[in-house]
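The values are calculated or read from the model by the stated rules, or taken from the named source; none is laboratory data. Nothing here was measured: the structure is a model prediction, and the numbers come from that model. Note: ideal-geometry Cβ built from the backbone for every residue, glycine included; neighbour counts use all protein chains shown. For accessibility, only protein heavy atoms count, side chains too; no ligands or nucleic acids. Shrake-Rupley method; radii C 1.70, N 1.55, O 1.52, S 1.80 Å.
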Amino acid sequence: MFKNNLKIAWRNLMKDRQFTFLNLLGLSTGIACTLLIYLWVHDEYMFDKFHDKDFRLYQLMEHRKSGGDVLIADESSGLLGETIAAQNPEVEYAAAEAPASWFQKFTLSVDEKNLKATGQYVGKDYFNIFSFKLLDGKPDKVLADKSNIVISDELAKKLFNTTENLIGRKIVFQHNQIFFVSGVFEKVPVHSSEQFDFLLSFEYYKQIQPWVGTWNNTGPHNFILLKKGTNLEAFNKRIENVITKNGGDTARSPFAFRFSDNYLQNSFDHGNRIGGRIVNVKLFSVIAFFILAIACINFMNLSTAKASRRLKEVGIKKVVGAGKAQLVFQFMGESILLTVIAVCIAIVMVILLLPQFNQITGKEIHLDFNSGLIGGLIGISLFTGFVSGSYPALYLAGFNPIMILKGKMRASIGEVWARRGLVIFQFTISIFMIVGVLVIYKQIQYIQTKDLGYSRDHIVRVECEGKLIGTEENFASLLKKIPGVVNASYTFNIMVGRNFGSNGVEWVGKPPGEYIYFEGFGVGYDFIETMGMKMAEGRSFSKNFGDESNKIIVNEEAARIMGLKNPIGKSIKLFNQPEQIVGVVKDFHFESLRETVKPLYMTLLKQDSSPWNKMMIRIQAGKEKETVERIQNLYESYNPGFPFDFHFLDEIYEKQYASDLRVGILSKYFASLAILISCLGLFGLTAFTAQKRQKEIGIRKVIGATVPDVVLMLSRDLFKQVLIALCISVPLSWWVMSRWLNGFVYRIPMSLGIFLIAGFSIIIITILTVSYQSVKAAYGNPVVSLRSE
């Protein structure tokens, strides 16, 4: 029977090629979309999960009180991890880290080779905590000495042309310090949020930067490995007063947070975890489900609409003894066969689309046919085939054979409303996705065009190293003489997020015991002018006013928080040192638009040995290429041995929103495919409706019906269903997208225009979809249709 049913299924698919084509196109497209989203979601979940001790690996983070709010920081004192490890036997290993994100790429030299590479300083037990694979060296030894350096196999090949016998080899760091290779590790996996080319000892970093070894300065990251069976809640309760006891700071309290959760769930509000990348993962998981559901609905609708052609087949089979179970098995088999073919087509589509998909998502996803994926594909085939074919199978198998053979079968009210409900569901989702794409697109456009309070365009950022450290002012003077350079200055702030600050700002009238975090900007002369910032009051730093070392500039938000109505000339204290306010700069955004503008202060940088300073160079529009070449020539002659590396500030700024931009692009593509699949269903339904009502159309035309009359008759019900879908989707999409926009402090309004565009778009799409079949039926020769009956 199985072989016989398979033959019947294949013949039926070949008999009605239009039905088969529409169903295969809809199903394969839906499954391909679902598979692509599955691969993306799986890749996101894989981040930082490859560590062998993942379930015991934690990062020490801090709750920080600030102005009545509770902030979350992933940084702390460099002493925190080792202190907690010493006082709590549950901690197996602890390691501090000065992360790679702090630094520019460093220059490493071997003989005549000078290479830029990404590095960070880590504690001696780093390799005992993380599962980065050492190809040479022992985890307990590679970072035991301050003169050690551990390099990746990829960097080893660039520096030494080999990965063998490198222990003890010399590498010159920044042309002023020698380190010796103590280990070689396999290149860091792409699914690691920790990305680096080499590692140095954190103990060495404490030696050259003593502030990381104090309790009241924060910045380093701390990681711990807890022993099996540790109660995390009890552990966090025990360590919450460690900072207060050792450093006296009552505004900060540490807690352990599972390291691998930090990638997806890195967004907090009032000290509580509220989301992060996990929001996008959940969003696309829902989209995948809906796209697959729309494809399945198409199958159901087209199959039940086509049922009239197979009524006699079902009737005869039931009369000669076929049971309902046999008929259900037959029709379910046809459904699963079609689904298996669709899955095969979908796999081919995914293979062809993966390069473009990786380019859009910025990932390196591969379609590996492992047991998990194969099992998933089998599951999708069976699930989709069952869901798609269950209603048609039960619908056909449930017919009364006597009524079928007498030709008295009529569609039931339940059947009609079920089909209409499915169409309404399809278009509700399609309209929702159109609204979502419009909102995301407009928000991203708003982010890219909003006035930030400074001009990020045509700003070149160059990291200071080598001879530039301590001579930034001199180098800025030379830069200003280059044709095409408008202005130049320097700062240690990255301009795209918080990277230095303190609650150590005091002023007259400040409530005792209140902690308010101020972002700190150390800047050079002409920084405000170079960045295109505006002064609300007072002036910027200038050489015309003599010694400016005890002068300070605040932003409008800082002046508001301090309650200073006439701030110019007022004195405040910074780290217990008196500072006189000489200017108030207008508020500007130094964080993403998800955050409110925070209070900040600017102080004039001294010419010292700070390794974090960055040259900010404004260049003339239209002359970028030649100006950058001139800057490079000056840099290489001024700072020999250090490769020139630069970035445009607007590119760095837009990286903050890379995930949002990708969400927008992916949403656009998936929304288009969802609409396409829905339209395939409409197209098929219109075609079957026209065929089913062929005799009625012929009679109407004979008695005088015009082409518009026939088109309206065939399209009326579908338009009603689309309008109902519009009424359902508008409030739904408004609610969902409003919640998404709530993630941005600065956002677009949910205007009526968005919903009007979505509504008109879906109506036009529906008209274009149904008009072909409707007009074709309306222009048909009525004599032919009546004669055929």
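Rolling a 1.4 Å probe over the protein heavy atoms of region 559-618, with every protein chain left in place, gives an accessible area that is 50 percent carbon and sulfur.
May I ask you to rank Leu225, Leu634 by accessible area, largest first, using a 1.4 Å probe over the protein chains only?
Largest accessible area first, the residues go Leu634, Leu225.
Using a cut-off of 15 Å between beta-carbons, work out the net charge of the residues near Lys141 (Lys and Arg +1, Asp and Glu -1, Lys141 not included). Every neighbour counted, the sum reads -2.
Legend: Rg and Dmax of region 489-536, from Cα coordinates, 13.6, 38 Å. Across region 158-198, Cα pairs under 8 Å and at least six residues apart give a relative contact order of 27 percent. Residues Glu472, Glu233, ordered by accessible area of protein heavy atoms at a 1.4 angstrom probe radius and largest first, appear as Glu233, Glu472. Using θ = phi - 60° in the Karplus curve 6.51 cos²θ - 1.76 cosθ + 1.60, the 3J(HN,Hα) couplings for region 488-494 round to 7, 7, 8, 7, 9, 8, 7 Hz; x is entered for Gly and Pro. Once backbone amide H atoms are built at 1.01 Å from N, Phe185 has Leu135, Ile151, Ser152, Asp153 as its partners under 5 Å, excluding neighbours fewer than 5 places away on the same chain. The residues of region 94-165 have, on average, 43 Å² of accessible surface per residue, using a 1.4 Å probe with all protein chains present.
Where the accessible area of region 106-218 is counted over protein heavy atoms with a 1.4 Å probe, how much of it, in %, is carbon and sulfur? Roughly 45 percent of what the probe reaches on region 106-218 is carbon or sulfur.
Take Phe644: with every protein chain present and a 1.4 Å probe, its accessible area is about 30 Å².
Projected onto planes of every orientation and averaged, the convex hull of the alpha-carbon atoms in region 715-766 covers 3.7 nm². Each part reduced to its alpha carbon centroid, region 460-493 and region 527-555 end up 18 Å apart.
Near Asn487, the amide H atoms lying under 5 Å from its own belong to Arg618; only residues 5 or more places off or on other chains count, and H is placed 1.01 Å from N. Taking amide H positions as modeled 1.01 Å from N, with prolines and chain starts lacking one, the residues under 5 Å from Tyr515 and 5 or more places away or on another chain are Gly67, Gly68.
Remark: for residue pairs Lys237/Lys551; Lys481/Lys606; Lys481/Lys586, the C-alpha separation exceeds 31 Å in Lys237/Lys551. Each other residue within a Cβ distance under 10 Å of Glu537 adds +1 if Lys or Arg and -1 if Asp or Glu, for a net charge of +1.
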